[in-house]
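Take a look at the structure set out below.
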Amino acid sequence: MDMLDDLITLLPELILVALVLTIITVDLFLSRADKWLLTPLTVAGLVLAGAACVVVWDVNETVYAGFYVVDDLSVFFKAATILIGIISVLFAPSYLLVRRIPLGEFHMILVTALLGMFVLASSSDMITLFLGLELMTMPSYLLTGLHKTDRYSNEGGLKYFLLGSFASAIMLFGISWLYGITGSTNIAEIGAALEGRMSGALLVAIGFLLVGGTFKIAAVPFHYWTPDAYQGAPTPITGFLSVGPKLGAFALLIRVFAEALAPLRADWLGIFLVLTVLTMTIGNVVALVQVNVKRMLAYSSIAHTGYIMAGLAAYANAPNDETAAQGIESVLFYVLGYAVMNIAAFAVVGMLQRDTRRFGGLNSFAGLASRSPGRAAAMGILMLSLTGIPPTVGFFAKLYVLLAAVDAGLAWLAVILVLNAAMAAFYYLRVVVYMYMRDPEADPAPIDTSPFGSVALGLSVAGVIILGLFPGAVLALVEVSAASLF
Amino acid sequence: MDGVPVLSLVVFTPIIGVLLLLVVPGTNHRAIRWMALLAALTSLVFSLLLLGYDAGGSEFQFREDLPWIEAFGMRYTLGVDGLSMVLVLLTTVLSVVSIFYSWEPIQKRVKEYYIALLVLMTGMLGVFVALDLFLFYVFWEISLFPMYVIIGVWGGPRRIYATVKFVIYTLVGSLLMLVAILAVAIAHAASGQPFTFGYEALRGFAYADTLQAFAFVAFFLAFAIKVPMWPFHTWLPDAHVEAPTAGSIILAGVMLKLGGYGFLRFSLPLLPDAAVSFAPIIIGLALVAIIYGGLVAMVQPDLKKLVAFSSVSHMGFVMLGAFVFNEQGLQGAIYQMISHGVTTGALFLLVGIIYEQTHDRLIAHIGGLNTRVPRYAAMFGLFTFASIGLPGLSGFIGEFLVVLGAFRYNGFVAAGAMIVVIISAVYMLWMFQRVFFTVPSDWMRRFWPALRDINRNEWIALAPLIVLVVALGVYPAPVLEVIAAPVDRIMEAVNGAGLTGFGPLW
């Protein structure tokens, strides 16, 4: 009976596993012309998994001898993961088809990565955590190199793989130190054992974990793989990579730093703050000089990582639980909002790459407003949202982080953050300038108008605005989710 | 009229217009123009209902208060006092004027243009009526981007440089202000009060000195950039020169007032101690702005740039009046804002009329217009004199009151401000003489046969401004009456300022 109960709490995961198997099987029987059917199939499966998330909401149980936890925090991450999955799946097919990248593999690998993110979010043991991490990142390497006839895609995939495995190893080494010090791999037990302790050995463990963790979220100075991996990957996949694994990595950071290492937060805060400031500033400065929109978005995603880290810093610096919870809440909200707007922004870049010799340069955006008013308006709204202008979700996400930071006594960090946001306005608005204030190129490239992509874009933009105007419902969810840590 | 959300109607009617415009085909310019005008006019009509404001009644009238984002204590709170009321009316009038004026000059991407103008209108109106600091911030940002698009798409040759500069400048200030708003609300909540961004709740709370100082600086940057105060003014001439005429009218007429309004509504009542402590510095900057703006205006070769720099000088008067903290000064500051909105709006409109025909604004090129277009010359003269501050026209009242207030503060400050009344006469009259009375240049003669006087549409656009500039100059009492109560409240706040341990900072 217990076994069955445990299985029900794993319903979303089970559905994803079934979905992976179904995709592999169905793919075998589909003719080339019918491969597009995989997309609605995957979306349906993901929607089903989303419904399962509703079932496990408020369960709050630790299952499998403390290896796996289904708390509201994990369910929130899973729901966000599914959202990311659905949008990514809708955007990708037409881009991939033009480049003859097999759809079956794409869907299967993507869903596997989502499964990894599920496991990561739900891990209550360092072993599970590492398993989830690898289950998420292995498919990510594959996705980056999915365009195997393109050398940039190969280069990106290989770089990502080499550096990523290295970081995973460092992470694992940190976990082993932690095990050596506390005698446990269970996150809650580690947290209890570390209460009031500090030693040189612990510092080493924190160092390794921090390096591994910040590599996965692509924080400065461990961000060097990002631009190449992001630029090389097929554009809609870049959109997924820039938010999916990042969401997973933030789940990991929360589990490791806000749960296992929570008692030591005063000790890791200092270095974390330095990384936060460096990440947002360097990401923005380098993004300023990019003339390729895809690469610009890659660097700006580093800056956004910095903003999200500020929420985590607010958690660590908070004087009381209420303020600390606010820090975690801001991270959750930001990750969700950022996911929607960033995938959509990359997708628009992808739509302008219908011609396979286009690489997402600023010029391909010139005069888009007159060529495709709908897409230009959508991209304009997404750029404003990424800049953080009301009434968009991007604004509200930044506001949440700012609020948490100021509340936690990090007003100076908030000031650095807004100055960065103003700097970011410059390069985001440059896209708007090209779209609205310049004339189209003499020989403009065709634009992708696949129905799936248009639907997903419409939904994303609507989401960006609605969440910006009325974030109340999501705020309530975020609050309950963060509460499971305290 | 109870229960009718007048303010929401005023603020959001333009947005309804935008939604309607979205379904009109982009090629039907006529329908688009009428639709936009109708939306703006409806908003204007609703705003006239605010004239029912009872000057002796409660502070904020026409209040609306709805929960918005309850988790953060953000509410949809609107309300007007005398100060907001006059600025709302200024906004609706000038918006209608610029929409009407744009009838002929704007021929490309007409639909987008009117959408931008209407969104801009909503943003500006929202700023003036929001009584929740967060809501205020949202409207503040909403008003920024339509102007960015208006300058960037329909502007002159260097429009992209100008518009990006405009946005980045303003954004830096406003984002810092956002942090200050959060800090103020959090400090207020830390004392055990419920977490709120409500203006009336946050006002009158004794914030710690350091918080006041930092928050004041952040608010100051946001508002000073918008006003713009020297040395944060450098975006203004660029923006004005490149903006299309209607953009300039709105920019000078209303957007600069957002900054002045911010000081009077937020900086002074929320952070009175810091305001009092920083006042000498700000008065100094205001004096520099007044004199520097005037001197630079004198040497401008470009008509629009001249008017732009005269704005720097005139808005310096507003800042001076606001920070001498006496009744005359504050009243003068508010009056000067309204008057400047009307006269400068009209001047930009008039410059636009000649620019549409010659596509040049260099004073050296134009000349002798008096003989060819006498009615145009007469109107230009009227607003030139209003701008100088000729008694009987609106400019005089504001400047006079500010100087009076400055005298009560310090004789030398007043004397400095007075000098500029002379400087302004020099640059305006000299400009007027060169443009209208000299012998027309050879360049100008090429346009001579085609040159036309003010046409019917332009008269209609100008008419309300002419009426206002005379009425405000001859009979200022109604305006002074409605702004008396807000002025008293600001005085109360700053005079009650404790200066505990904060005064010696300077």
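Laboratory data are not the source of any read-out in this text; all were calculated from the coordinates shown. Note that the coordinates shown come from a computational prediction; the quantities given were computed from them, not determined experimentally. All Cβ positions, even for glycine, are placed from backbone atoms using ideal geometry, and neighbour counts span all protein chains on display.
General observations
- Distance histogram in 20 Å bins (all Cα pairs of chain A, percent per bin): 26, 60, 14, 0
- The stretch B:10-56 and the stretch B:140-201: distance between their alpha carbon centers, rounded to Å: 24 Å
- Between helix B:29-48 and chain B: long-axis angle, C-alpha atoms, 0 to 90°, nearest 10: 40 degrees
- Ellipticity estimate at 222 nm from DSSP helix runs (n ≥ 4, -39,500 (n - 2.57)) divided over the protein assembly as shown, nearest 500: -24500 deg cm²/dmol
- Descending semi-axes in whole angstrom, ellipsoid equivalent of the stretch A:142-226, from the Cα gyration tensor: 34, 12, 9
- Where GluC sites (Glu not before Pro) fall in DSSP loop in the stretch A:127-201, at most 12 other Cβ within 10 Å: A:195
- Share of alpha-carbon pairs per 5 Å distance bin for the stretch B:19-66, given as whole %: 4, 17, 18, 13, 13, 11, 9, 8, 4, 2, 0
- For the pair the stretch A:21-92 and the stretch A:104-155, the centres of their Cα atoms are 14 angstrom apart.
- Of the trypsin sites (Lys or Arg not before Pro) found in the stretch A:227-281, not one falls in a DSSP loop while having at most 15 other beta-carbon atoms within 10 Å.
- Cα extents of chain B along the three principal axes, largest first (Å): 74, 58, 42
- Filtered trypsin sites (Lys or Arg not before Pro), the stretch A:158-240: DSSP coil and at most 14 other beta carbons within 10 Å: A:197
- Centre separation in Å (Cα based) which lies between the stretch A:348-427 and the stretch A:156-171: 29 Å
- Fully extended contour minus Cα-Cα distance, from residue A:3 to residue A:51, at 0.36 nm per residue: 15.1 nm
- FRET E, pair residue B:452, residue B:492, Förster distance 51 Å, beta-carbon r, rounded to 0.05: 0.40
- For the stretch B:271-499, convex hull volume per residue from C-alpha positions, Å³: 111 Å³
- The share of alpha-carbon pairs in the stretch B:1-206 lying farther apart than 24 Å comes to 48%.
- Computed log₁₀ I(q)/I(0) - Debye formula, equal Cα scatterers, no solvent, the stretch B:305-441, q 0.10, 0.14, 0.17, 0.19 Å⁻¹: -0.35, -0.63, -0.85, -0.99
- In this structure, the residue pairs whose Cα-Cα separation is over 27 Å, taken from A:246/A:294; A:35/A:159; B:108/B:257; B:108/B:304; A:398/B:226, are A:35/A:159; B:108/B:257.
- Nonlocal amide H pairs with residue A:359, under 5 Å, H built at 1.01 Å: none
- Under 5 Å between amide hydrogens, built in the peptide plane, is the criterion, and for residue B:132 it picks out B:77, B:199 among residues at least 5 positions away or on other chains.
- Neighbouring partner chain Cβ atoms per residue of B:169-179, average, 10 Å criterion: 6
- Relative to the longest principal axis of the Cα atoms of chain B, helix B:327-358 runs at roughly 30 degrees.
- Over the protein assembly as shown, the pair-distance histogram of Cα-Cα distances with 10 Å bins from zero comes to 2, 11, 20, 22, 18, 13, 8, 4, 1, 0, 0 percent, rounded to whole numbers.
- Share of pairwise Cα separations in the stretch A:196-308, more than 17 Å, in percent: 54 percent
- Shown here are the Rg and Dmax of the Cα trace of the stretch A:47-183, at 17.1, 53 Å.
- Helix B:110-129 axis, angle to chain B major axis (alpha carbon atoms, nearest 10°): 40 degrees
- Sorting B:338-350, A:25-37, B:108-120, A:344-356 by their mean Cβ neighbour count within 10 Å, with the most densely packed peptide first, gives B:338-350, A:344-356, B:108-120, A:25-37.
- Isotropic mean projected area of the C-alpha convex hull, the stretch A:396-486 (nm²): 9.2 nm²
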